[in-house]
Every structure is written in C-alpha cells, then in structure tokens.
Amino acid sequence: MDDKFLKPYNPKEVEGKIYQTWEDSGYFNPDKLPNQSGEPFTVVLPPPNVTGTLHVGHAYEDTLQDIVIRFQRMRGKRALWIPGTDSAAIATQARVEKNLQKDEGKTRHDLGREEMVKRTYEFAKNSESTILNQVRKMGASLDWSRYAYTLDDKRNLAVFTAFKRMYDAGLIYRGSRIINWDPKGQTTISDDEVVYEEEKSKFYYFKYGPFVIGTARPETKFGDKYVVVHPDDSRYSAYTHGQKIELEWINGPIIATVIKDSAADMEMGTGAMTITPWHSLVDFELAEKYDLDKEQVIDKYGKLLPIAGEFAGMKITEAREKIVEKLQAKGLVEKIDENYVHNIATSERTGATIEPQIMEQWFVAVDKEFTIPYSEIPGIESGSKITLKEMMRTAVEGGAVDMPQEGFRKTYLHWILNLHDWCISRQIWFGHRIPVWYKNNEIYCGVSAPEGDGWEQDPDVLDTWFSSALWTFSTLDWPEKTVDLKTFHPTAFMSPAYEILQLWVSRMILMSGFHLGQAPFKKVLIHGLVRAKDGRKFSKSLNNGVDPLDMVEKYGADALRMGLIVGSAIGSDIKFDEQRIRGYKLFANKIWNVTRFILENAKDFDSEAKLVDYTGTDTGAYSMHATYHNQLKTSLEDITLDLENYRLYLAGEKIYHYFWHTFADEIIEWSKPLLKSGDEKEKWATQHLLLSILADTIKVLHPFMPFVTEEIWSSLPAQLKKQKLLMVEPWPLS
RNA sequence: GGGCGAUUAGCUCAGUUGGUAGAGCAACUCAUUUACACUGAGAAGGUCGGGGGUUCAAGUCCCUCAUCGCCCACCA
C-alpha cells in the first residue's frame, strides 16, 4: 500500500497535480477520448466576464456542469465542454475608465477611441488568466483547446455575419424609436438593464385649459400639445377627437388637440392626460398611432432645450420646482399630492435616472415576418413564414428546447408574449462595432469595410448580449461549416441562473433558430442563486461575500463541490453553509481511510485464484456477499437514473450515504472477522467484494469529487481498471 | 398592477407517478490502546403555514386565506 494513505487526505497536495494529469492526458478534448464511437454531448460554459473573479455562483454553476460532463464522459459519450470568456463590453469599459480616471486623471475622450479600445482590450486580456485558473481549481473538465473569447477573430466574424444576414433578411433595422437613455453613462441601455426603484415624490395637478391633468414630471410638459381622454369618459363627452382648444400654458398660449383613446385611464386622476412622445414610451406609441408631432424637451445630458424658453439649459431637478412656481403664479396649479409613490427607472450600472429619448438606433424586429430557409425545430417548417417571436415560442412549446421546470417555462413564455423590438446599439467604444458604413445617403452592411473612399463606420457597438446569443455556435466556429458545428450542435444542455433566462437563454434560442434552424440546446435546467446563510444575496455592500477559493484552500475543491450541490434541488436558491462543506471534507477523508483499510487488508488478494461466484443465485455460504453485491447494484442503478435525469443533488446524497453508512459502517465492519478467519477462499471472496465495491463507488463518486477519487484510483490494483485514468473509466453497469 | 415560487425537525433543506414523514448540521446519552487529526452505537426531536374539498388513502391533487421571496410592467 502506498504510504500516502498513512496520513489524512490532503487536497492541497493532490488537486493541482491531478488537474495537470488530466490536462496532459488530452481527454478534455473529445477527439482524443479512448471511445470515438460515442454520441456527442456538448455543453458550453456560460462565459464569465473576463475582468471578473470567480464567485460562489460560478463555483456552483461550474460544478453542476462538470458533474454532468464527467458523468456523460464516463458513460462513453464524446463529452465536450467549451470554455470561454466574455468581454462584457459596458462593464469592462467602465472598469478601465475608472482606472484611467484614478491613475491618470483622464477620460476616454482624452485618449481617443483607438487608444481607449486598445487599452481596454489589453486590460481584458491581462485579467483573463485569473478567472480561467480559478475555473481550473474547481476541477472543471473543459476542453481548453477550443477556448473562445467573445472578441477574438472567429467570434468577431460570427457577429458580423449574423448581423449582416439579419440585416439582409430585414430583421435588423435602423429606426428612430424611444429608448432608455442613461444620461450618466451617455448610452442607451436595454430594458433588462433598467431597474425600477420606488420613490416618493410630488404629483402635480395642473389646469390645462378646461382640463386638469396630472403629472410627476412638470419639466417635460413644454411640448405637450395633445390632451388624451378615454372615448367613453362621460366627463369629456362634450369634446370631440381632433378638436382644437386654445389655452394658456407654461410659456404662454398654445393650441391643444383633443385625442380620444382608450389608453387614458378613466380611474386615474381626472381621466385626462397630456402626452410627451419624445420622453415616454406610452406617449410615443400614441403619437405613432395618430401621427402626432414629437418634440424633444430634454437633451442627452438631462438639460432642458430651447423649447423650455426661460428654463432652457437647466437640469431637470433644478427646473422642476421653478416651473411649478411659475405655474403657481399663473394660477394653473390645481393641487399637489405630496405623497405620490411610484417607480422610477434607473440604470442598473450607473444608477442614473433613465430618460426615455427618441434616438436613431439599431433594432432586431421580433414581430416581423420572414421566411425561414431551414428548420429542424418541430412545429416550424423549412421555408415557412414566421416571426422571431413565434419562433422563440415554438422552440419551447414544441419541445425543441426542453424546459422541464414548469414555473420557468411559464415565465419564459409570458416574457416572449410581451417582447418588444430589441435595441442592439450601444454608445460605447469597446465591443463589436456595428458592421455598417455610411457615405452621404448610401448605407452598406457587410463583414468588412466597403471598397472606396469616404465611407464611415457607424460609431456604435453592439449590445453584449448580441454576441452572447450566438455563443453555442460561434464557439464551434460558425459561419464556417466545420465538423465541430455539425457534430456538436445543438448542445446537450445549459444550466444558467434564472436571472438570465430572458437576457440570454431566450436570445440564444432566437439566434440559433434564425441562423441554423436549430435549438441552441436540447435541455435547459435553470438553477437558483447561491445566497448567504441568512438568505440575503451576496453583495459587496453587505460585505458578506464568500470567496470560493478560500473554501478550496480550507476544505478542498471536492468538498466545496459536494457542499454546493447536495442539499438543494436545482432551481431553488442555495443557502451557503460552511459547516456543510466542512462535513464533506470529512467525507473525503472517510473515502481515503476506507481505501487505506481495504488496500491494507487485500495485499495478498490473489486475482488468479478461483473465486467464489457470489453473484449467481446459488450462493450457499456466501449469501451475505451476494446480498451486498446486489444491494450495490440496486443503489448504483438508482443513482445512475438520478444522474440521467439531472437530479444531481439526490444522486450525490445517495452515494454519500451508501458509501459511509452502508459500505463503511456496515459492510466493512461485517468483513473484519472474515478477513481474519483463515479460510482462504472466504478471505478472497471478501477481499474481492470489498475491492469491487470500492472501485464502483469511486467511479460513481468521481463526477462529484473528481480529485480525491482520481488520486485513489491511481493506487488501486490494475486488474480492477480498464483505464489508467478514472475520468475515462467506463461507468459501472454499462 | 401582472406573473412565478416558497412555507416540512432547533438550523439548512430533500421528499421523482398520491401509499407507514427523511438527510446533513446542531444538541443529548454511551463507547472508543479502533482503517478514521476522529469515529461508532443509540435515543430524542415534526398535528408537513391556517381552513376547506377530492380520494380507500393527501406533505404530494383542487379551492381559499395568511406570511415571505423573486421576476416582469409605460399607469400619466
């Protein structure tokens, strides 16, 4: 027996070495696996932000995927897990800008676009190794030879190609639409990056000619020359649609037009409202419907424009009170409600109050019909007409993407129903630049700049989710028609956090459906968030963060993996409990000691001797051996079924339980007298039983606790193994 | 405002198609010159949030209420 077993198991001495052995073996790459006839089984790693560090959420997500990948690999599948990182454009640029300000006192504009992009790229590249090494520490069996970065050449080509094809299909268009403008970040942001915060403010009632209108935002009212009432509102039956009324307003008399539309809520206030199409989505939609004038009142910096007359140039907050004062002086204030509670839109990243604006932006049209050239998605015929929205719905309802968690499926479908066109342009510098060039009135879209002089590229970059949405196939080098793409797409499954269901999952379905006519993945299992023990989110401000690498240092990666997986079903939140992780460190040591005991007591095991076959029906004196053998088989079948059905937490708990309380407490205790009895045949049978249970349980534990099991495997007698490395050993029962 | 979920032992959570309530941790008793930087044996602990219904049978299915959480949403 190896002397290493005389000491307790020490993960620190083992994990680095074992990971190196795996990497050197080449088996992370499915093309190098011993069994080349297996079915492909692909997972793409949700690419972590290149400038980030590993947090407990990643550790959990990586473990989930690694368990599945390792299980499938041992079952003989050609398992491929593709690693990658994301540039997360806005986050990265913001980070570099912050450093720039701090270290050199400069802004991005001082540097200029080219230099800024160069520095950001370098910064991203420099920090990428940090997170990748952290992922390795978790034991993730990723095929590093297929590593992808969202801004590398191949992914860049994929993004440009995707854009061009959708542009040519009429699904990407440029239009003046109302968007969420972040005055602080000086960029548009997507609906998903907007967070609503409850705020108590004043609500004003103003006299607007014969009407009384309510508003929380007097500063936008300069351009309001339409008053909207509900067609059924008896209070206003005297007025007709389109009727013009002259009235006194903030800066003098104006002509207002009456609009009758059911958008006005009769229950709300006086039932009459004025509209500001340039700065409100509802108002914009009304203006589009009736072809009304739209006027900008507030500029990109949150200041009032000349239309505000004497208030021009003022900041919103400053202007608000002054406008009210003026209206008050003119006797136009009916009343002011001091306790008005409403939600205001703020930018998730900068915290600034969002100012809706009409701007020229690029959009993906989700409601426009197109002809889908090719489709493997059940319910969608190749060559049929469909909208992206319908496609996204059908992919899930028709089963191309299996979303077994009913609650999340409902959430997804509900979200699809309410989907608006997706604004994909961002006014930042770092990221995929929009592949469109302008020259006078000409416009060109292509994967590279057009021939000839005088063309200027669109200054904006794409929403980072645009490239992320291509991830399942851009990582397989699409648009090239590679063997990889043919073999490994659609991917087998994806396990994102529920936070990201709409943001990412749905958009992958959109892109994969349009460009390949395939689902991006066959199954999606949404997991919960890892929270602090008190149920609160981990956050910097609460200073309750846990660094997974500290846990690895203290208890080993295997213990951390088990501690995260066992104990909560996939989909519900996980409360992080260090005690549990400590418990699994003890378990790793238990496995270690069981091995020590068995190897010590099986030194003289003679595999050549004629063994008693206790696996048959007529077992005679060896009925206990047979019972234990069959019990093992039953347990492993059960656990295998759980793994096949992604019930990882159950499988993990069951193997833990079997190993400790059946194998160690019961079977080994039972074996002690038999090993000493002096009956050679009985001893061999017992040694054989113990060795085979050990080998089989080590195999089943491997996906969960890869390091300690691989280390033990290297010390097991060769006749128990088909493969030198446990990671490619065939799964028991198969 | 709309949608989704949760409520089970002191704590954290399982409970897969309805069939005698489970685990880990903590706490308790005992053992321990033992493969175990510890481990083993044992005992204790729950009217499964409240109420109603379906059923031979409900933690599980249906209705309703309460509390908590999350997501979405333009209420001027």
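Any read-out appearing in this document is the output of simple, stated calculations on the displayed coordinates, not a laboratory observation. Just so it is clear, the structure is predicted and the values come from calculations on it, not from any experiment. Quick reminder, even Gly has a Cβ in these numbers, built from the backbone with ideal geometry, and neighbours come from all protein chains shown.
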Quiz item: Remind me, what semi-axes does the range A:208-253 give for its equivalent ellipsoid, largest first in whole Å, using sqrt of 5 times each Cα gyration tensor eigenvalue?
Solution: 20, 13, 9
Quiz prompt | Partners for A:LYS681 among aspartates and glutamates (Cα-Cα distance below 20 Å; same-chain residues under 8 apart left out) | solution = A:GLU600, A:ASP604, A:ASP606, A:GLU608, A:ASP613, A:ASP618, A:GLU669
Practice problem: With θ set to phi - 60°, apply the Karplus curve 6.51 cos²θ - 1.76 cosθ + 1.60 along the range A:144-155 and write out the HN-Hα couplings as whole Hz, x wherever there is a Gly or Pro. | Solution: 5, 5, 10, 4, 10, 10, 4, 9, 6, 4, 5, 5
Exercise. Search the structure for amide H atoms under 5 Å from the amide H of A:LYS225, placed 1.01 Å from N in the peptide plane, and list their residues when 5 or more places away or on another chain.
Key: A:ILE275
Practice problem: Taking a cut-off of 13 Å between Cα atoms, list the aspartates and glutamates near A:LYS522, but don't count ones fewer than 8 places away on the same chain. | Solution: A:GLU376, A:GLU397, A:ASP402
Quiz item: Amide H neighbours of A:TYR340 under 5 Å, counting only residues 5+ apart in sequence or on other chains, H built in-plane at 1.01 Å?
Solution: A:SER201, A:PHE203
Quiz item: Can you work out ³J(HN,Hα) from phi for every residue in the range A:167-184, in order, using Karplus 6.51 cos²θ - 1.76 cosθ + 1.60 and θ = phi - 60°, giving whole Hz and x for Gly and Pro?
Solution: 5, 5, 7, x, 9, 10, 9, 10, x, 8, 9, 7, 9, 8, 9, 9, x, 7
Self-check item: Orientation-averaged projected area, Cα convex hull of the range A:307-384 (nm²)
Solution: 11.2 nm²
Exercise. List, in the order given, every pair from A:LYS385/A:LYS486; A:LYS481/A:LYS523; A:LYS633/A:LYS699 whose Cα-Cα distance in the structure shown is over 18 Å.
Key: A:LYS385/A:LYS486; A:LYS481/A:LYS523
Practice problem: Determine the relative contact order of chain A: mean sequence separation of Cα pairs under 8 Å and six or more apart, normalised by residue count, in whole percent. | Solution: 16 percent
Quiz item: What per residue convex hull volume, in Å³, do the alpha-carbon atoms of chain A yield?
Solution: 200 Å³
Quiz prompt | Residue order, fewest to most surrounding Cβ atoms within 10 angstrom, among A:ILE591, A:ILE131 | solution = A:ILE131, A:ILE591
Quiz item: Taking amide hydrogens as modeled 1.01 Å from N in the peptide plane, which residues meet the under 5 Å criterion relative to A:LEU80, leaving out close sequence neighbours?
Solution: A:PHE41, A:THR42, A:VAL43
Quiz item: Sorted by average packing, counted as other Cβ atoms within 10 angstrom per residue and highest first, what order do A:84-96, A:367-379, A:205-217, A:635-647 take?
Solution: A:84-96, A:205-217, A:635-647, A:367-379
Practice problem: Quickly rank A:703-715, A:161-173 as a protection proxy: mean count of other C-beta atoms within 10 Å, highest first. | Solution: A:703-715, A:161-173
Quiz item: What pairs in A:LYS202/A:LYS335; A:LYS410/A:LYS575; A:LYS77/A:LYS722; A:LYS137/A:LYS554; A:LYS221/A:LYS303 have C-alpha atoms more than 18 Å from each other?
Solution: A:LYS410/A:LYS575
Practice problem: With unit charges on the beta carbon (Lys/Arg positive, Asp/Glu negative), name the residue among A:SER127, A:THR51, A:PRO83 whose Cα is farthest towards the positive pole of the charge dipole of the range A:1-137. | Solution: A:PRO83
Quiz item: Most exposed first by the Cβ proxy, i.e. fewest other Cβ within 10 Å, how do A:ARG78, A:ARG561, A:ARG507 rank?
Solution: A:ARG78, A:ARG507, A:ARG561
Practice problem: With +1 on each Lys and Arg Cβ and -1 on each Asp and Glu Cβ, and nothing else charged, work out how big the dipole of the range A:111-241 is about its Cα centre, in Debye to the nearest 20. | Solution: 220 debye
Quiz item: Tell me, Kirkwood radius of the range A:229-322 from alpha-carbon pair distances, in Å?
Solution: 14.9 Å
Quiz prompt | Separation in nanometres of the label points that stand 7 Å from Cα toward Cβ, at A:TYR438 and A:GLU325 | solution = 4.1 nm
Exercise. Name the lysines eligible as straight-distance cross-link partners of A:LYS98: C-alpha to C-alpha under 16 Å, and not fewer than 8 places from it in the same chain.
Key: A:LYS106, A:LYS118, A:LYS184
Quiz item: Counting other C-beta atoms within 10 Å, which of A:GLU318, A:GLU338, A:GLU267 has the fewest, and how do the rest follow?
Solution: A:GLU267, A:GLU338, A:GLU318
